[in-house]
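See below for the structure under consideration.
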Ligand code: PAF
């Protein structure tokens, strides 16, 4: 596996692959790789001969300084995970390589997609995500980029970016991976200590409750309000939002048909750690 920190080194690897007609896959990450990331790299390796994994904790997408400063850094382990999963190149640039000296990013307006839910709760977050992903897509020039459905709204934002600016790039979505007890895998989970780890499981329970309600043709708004009341009584948990949306537009879906695009989404802070989760609602 090759490693580089500079865009021109990365381009040399990519151009050599292109000369050999290799398909280039790209998995952008912020490091602290867990089995969810490994599954993205494996999927990329099944579809592409060259698999670039970027490791870069992007400062411009954190709306909370403490979250940025405590973001786990595990580069040695990350390199092992990436290699084992099938990465052929790890691109781990320093901040200056991507941003020069200027961390100002342009605001992004994709309407509801960037305004609601994560966009509303984490002001400026999607501006930073779009800024860095745009830089990374331009650097890697991949055929396909692989993203997890755990960050469902980010996935929709990136699809829009690719549609508008990277026409030839295929965006491949990959399943959300859970711990054996149901907690959605996230790099931030290592910060869930003591009772918080157990409390965090309620997010998955709520999503399942909404799904059950939907499959029994129950009333979605009533279920959402009941969960909100329950959350308000809980210690160590601050619910930010829970809703049912169309997973592409992020418009709320309260009485419309529940089709393959319908998702329950939730965000909450548990023991000071911000968690998000989602689940598809279509009943089989
Ligand atoms: O999903 C992430 O890890 C990040 O938001 C991404 C896409 C790597 C951009 O920094």
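Throughout, read-outs are computed from the coordinates displayed, never taken from laboratory work. Keep in mind it's a predicted model, so treat the numbers as computed, not measured. Glycine gets a Cβ as well: all are built from the backbone with ideal geometry, and neighbour counts include every protein chain shown.
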- [ ] Would you mind getting me the FRET efficiency between residue 80 and residue 195? Use the beta-carbon distance for r and R0 = 30 Å, nearest 0.05.
- [x] 0.45
Open item on the list: Can you sort 34, 15 from fewest to most other Cβ atoms within 10 Å of each residue's own Cβ?
Closed with: 15, 34
Open item on the list: Quick check: the angle from helix 35-47's long axis to the longest principal axis of the chain, C-alpha only, nearest 10 degrees?
Closed with: 50 degrees
Task: Cα-projected label distance for residue 230 with residue 68, points at 7 Å along beta-carbon direction, nm - done: 3.7 nm
TODO: Going by C-beta contacts inside 10 Å, put 39, 260 in order with the fewest on the left.
DONE: 260, 39
Task: Computed label-point distance, nm, for sites residue 16 and residue 180 using a 7 Å Cα→Cβ extension - done: 4.2 nm
TODO: For helix 75-85, report the angle its Cα long axis makes with the longest principal axis of the Cα atoms of the chain; keep it between 0 and 90° and round to the nearest 10°.
DONE: 90 degrees
TODO: Can you put 3, 274 in order of Cβ neighbours within 10 angstrom, beginning with the fewest?
DONE: 3, 274
- [ ] For region 1-40, would you read off the P(r) tail past 11 Å as a percentage of all alpha carbon pairs?
- [x] 72 percent
Task: Degrees, to the nearest 10: 7-19 long Cα axis against longest axis of the chain - done: 80 degrees
TODO: Express in whole angstrom the spacing between the alpha-carbon centres of region 55-122 and region 210-284.
DONE: 26 Å
Task: Alpha-carbon radius of gyration plus Dmax, which is the widest Cα pair, for the chain in Å - done: 19.2, 61
Open item on the list: How much of the DSSP bridge set in the chain is antiparallel, in percent, rounded to the nearest 5?
Closed with: 50 percent
Task: Value of Rg to Rh for region 1-139 (Rh from inverse mean 1/r over Cα pairs, i.e. Kirkwood) - done: 0.98
- [ ] Would you mind telling me which residue in 178, 65, 159 has the biggest mean-square fluctuation in a Gaussian network model of the chain, where springs connect alpha carbons within a distance under 10 angstrom?
- [x] 65
Task: Helix-only mean residue ellipticity at 222 nm for the chain, each DSSP H run of n ≥ 4 adding -39500 (n - 2.57), per residue, nearest 500 - done: -12000 deg cm²/dmol
